[in-house]
Amino acid sequence: GVVFPYSPRLGRYNLNFHEAQRACEEQDSVIASFEQLYDAWRSGLDWCNAGWLSDGSVQYPITKPREPCGGKNTVPGVRNYGFWDKDRSRYDVFCFTSNFNGRFYYLIHPTKLTYEEAVQACLKDGAQIAKVGQIFAAWKLLGYDRCDAGWLADGSVRYPISRPRKRCSPSEAAVRFVGFPDKKHKLYGVYCFRAYN
């Protein structure tokens with residue numbers, strides 16, 4: 001499976017525990033356990049924003065210690081903020097996905113699309129606009145690689161690179177995050193997902 005950090009359109013540190021759980025489910029994944037985050041950290045996950053885990057703790061994985069992330073002179077590891085109020089405290093979340101029951105693909109389309117057009121284009125192709133969990137699963141489990149930024153269901157724009165190269169995430173294999181562009185005026189491609197029945 002694959003662990004991925006998630007924060008919604010509103011920016012970082014906006015989710016209480018219950019919203020965090022729901023956010024993962026909406027992205028076709030579940031909130032990650034500490035064991036899953038630890039395994040991901042051992043495989044190289046480095047993320048400087050703290051996120052909820054399934055046990056209600058708030059942690060973040062650091063492989064390259066540096067100033068804003070707990071300090072430069074600290075050892076690599078999963079940093080633990082401890083347990084916080086599940087209703088009132090707000091953080092990001094770490095999600096986990098391992099199920100991949102369908103086809104994930106970049107839709108070949110003559111023009112770039114607004115968000116609404118992207119949603120419709122996938123439907124017209126017999127699919128649905130892909131979720132964040134699906135792009136991470138395709139990238140990690142299938143080695144999916146595409147240097148085209150595309151809309152996803154949550155309104156974010158990302159692209160998956162498993163073979164780093166010039167102009168396409170040169171330093172690392174990653175799902176690159178472009179942002180949450182204006183849905184009405186910004187034009188991108190789209191990633192679709194067709195479930196196997």
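The values are calculated or read from the model by the stated rules, or taken from the named source; none is laboratory data. Bear in mind that the values here come from a model prediction, so they are computed numbers and not experimental data. Here the Cβ positions follow ideal geometry from the backbone for every residue, glycine too, while neighbour counts run over all protein chains shown.
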- Cross-chain or 6+ apart pairs with Cβ under 7 Å, segment 153-165 first and over 17 Å from Cys122 (Cα atoms) and not assigned by TED's automatic domain parsing to the domain that holds Glu25, then assigned to a strand (DSSP E or B) and not hydroxyl-bearing (Ser, Thr, Tyr): Pro160/Val175; Ile161/Cys168; Ile161/Ala174; Ile161/Arg176
- Message: With the requirement that a residue be outside any loop (DSSP other than H, G, I, E, B), among the hydrophobic types (A, V, I, L, M, F, W, C) and crowded, with 17+ Cβ neighbours inside 10 Å, what does segment 109-129 give you?
- Response: Leu113, Ala118, Val119, Ala121, Cys122, Ile129
- Message: For segment 176-193, check the following and say yes or no: at least one residue is surrounded by 19 or more Cβ atoms within 10 Å (Cβ to Cβ), in a loop (DSSP other than H, G, I, E, B) and not assigned by TED's automatic domain parsing to the domain that holds Leu15.
- Response: no
- Task: Among residues belonging to segment 155-175 that are touching a strand residue (DSSP E or B) at 6+ places or on another chain (Cβ under 7 Å) and not small (Gly, Ala, Ser), point out the one that is surrounded by the fewest Cβ atoms within 10 Å (Cβ to Cβ).
- Result: Cys168
- Residues Asn99, Asn80: which one is out of contact with any Phe, Trp or Tyr (no Cβ under 7 Å at 6 or more places or on another chain), under 14 Å from Gln27 (Cβ atoms) and either polar (S, T, N, Q) or at pLDDT below 95 (or both)? Asn99
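In segment 96-108, what residues are under 25 Å from Lys186 (Cβ atoms) and either outside any loop (DSSP other than H, G, I, E, B) or over 22 Å from the mean Cα position of the chain (by Cα) (or both)?
Phe104, Tyr105, Tyr106, Ile108
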- Checklist (1) loosely packed, with under 12 Cβ neighbours inside 10 Å; (2) closer than 15 Å to Glu35 by Cα applied to Gly77, failing item: (1)
- Task: State whether the residues of segment 54-65 include one that is within 30 Å of Arg194 (Cβ to Cβ) and within 14 Å of the chain's Cα centre (by Cα).
- Result: no
- Task: Taking the residues in segment 45-68 that are within 16 Å of Arg12 (Cβ to Cβ) and among the small types (Gly, Ala, Ser) as candidates, determine which candidate is surrounded by the most Cβ atoms within 10 Å (Cβ to Cβ).
- Result: Gly51
- Item | Residue under evaluation Leu10, criteria (1) modelled with pLDDT of 95 or more; (2) assigned to a loop (DSSP other than H, G, I, E, B), criterion not met | (1)
- Can you tell me which residue within segment 23-36, out of those that are in a helix (DSSP H, G or I) and over 14 Å from the mean Cα position of the chain (by Cα), is surrounded by the fewest Cβ atoms within 10 Å (Cβ to Cβ)? Glu35
- Message: Among the numbered criteria (1) crowded, with 20+ Cβ neighbours inside 10 Å; (2) over 26 Å from Ala149 (Cβ atoms); (3) in contact with a Pro (Cβ under 7 Å, 6 or more places away or on another chain), which one does Tyr91 miss?
- Response: (3)
- Flag for Tyr159 being under 18 Å from Tyr196 (Cα atoms), among the aromatic types (Phe, Trp, Tyr) and in contact with a Gly (Cβ under 8 Å, 6 or more places away or on another chain): no
